[in-house]
Amino acid sequence: MSMMFERRKAYSVAEAEARVAVASLDPMLTAAERGITFDSSAGRFVVPFLGEDISVGFPGGEVMGASDKPQSGAVAIVALHYLYYRGEPLRTAGWLAYRDMPGGRDFSRAFESMAESILADRFGDAPEEFVRVAHALAGKAGDTGDYSFVIQALPRVPILVVLWPSTDDIAGAAHILFQPSTPYYLHTEDIAALGIVAAERLCLSLEGRK
């Protein structure tokens, strides 16, 4: 089953709807609840997103990255939805797999393929590089698996990235885990998009070091 952000037409519709929703927000209340900044003089929210400040215009909802570069795709829709989405947090504790998110089992195989397997393939034989790129995203050491880091993907949405390196007999493995509060801030498809973007950022950080 494909995800919304993989279908370009559906994604464009969702982004347009999100911009309309952002226009109806109380910017100061939103900034306080979501742990972000609202620059009233510039008319924009500043959303820390995986080590980069994303700017969301208010009331228009334009999404800009570093050097005022327009953003689209998963980054834009996650940033927009983070401002106003309100779901139900899970009534449990600890870090959870994507399949444990509401409806996550429908997309879990796709998520594993598009995020976790990519990390395992890239870092399974190079755990020391995983440590370096996790630090580059301000990751803090976790206590799960052989190597793990808590990365603040969004101000209220941390993720735990876990790596088990390859051995002579077993291929490496990786997981991206989420807090039970995550479904309050993001829809399940947005959570998948966030994990995929995180995996891409980690891999790109590695490429930038070569």
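Here, each number is a calculation from the coordinates, and none is a lab measurement. Only a predicted model underlies this, so the values are computations on that prediction, with no experimental measurement involved. Every residue, glycine as well, gets a Cβ built from its backbone with ideal geometry; the counts of neighbours run over all protein chains shown.
Data table
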{"read-out": "Integer Hz, Karplus 6.51/-1.76/1.60 couplings in order for segment 44-49, x for Gly and Pro", "value": "7, 8, 10, 10, x, 9"}
{"read-out": "Options ALA115, LEU194, GLY94, ranked by Cα towards positive dipole end of the chain, top entry (Cβ charges)", "value": "LEU194"}
{"read-out": "Loop-resident sites, segment 71-161, for trypsin sites (Lys or Arg not before Pro), counting at most 10 other Cβ within 10 Å (DSSP)", "value": "ARG86, ARG91"}
{"read-out": "Dipole moment magnitude, nearest 20 debye, segment 98-208 about Cα centre, only Lys, Arg, Asp, Glu C-beta charged", "value": "460"}
{"read-out": "Distant-in-sequence amide H partners of THR37 (H built 1.01 Å from N, under 5 Å)", "value": "VAL46"}
{"read-out": "Positive-end extreme of charge dipole, the chain - chosen from SER67, GLY124, VAL13 (charges on Cβ)", "value": "VAL13"}
{"read-out": "Lys, Arg +1 and Asp, Glu -1 on Cβ, resulting dipole of the chain about Cα centre, debye, nearest 20", "value": "440"}
{"read-out": "Normalised convex hull volume, segment 98-208, alpha-carbon set, Å³ per residue", "value": "94"}
{"read-out": "The chain: DSSP helices with Cα axial extent of at least 15 Å and average Kyte-Doolittle hydropathy no lower than 0.5", "value": "73-84, 188-208"}
{"read-out": "Inverse mean reciprocal Cα-Cα distance (Kirkwood Rh) of the chain, Å", "value": "17.6"}
{"read-out": "Extreme residue, positive dipole direction of the chain, given options TYR147, ALA134, GLY172 (C-beta unit charges)", "value": "ALA134"}
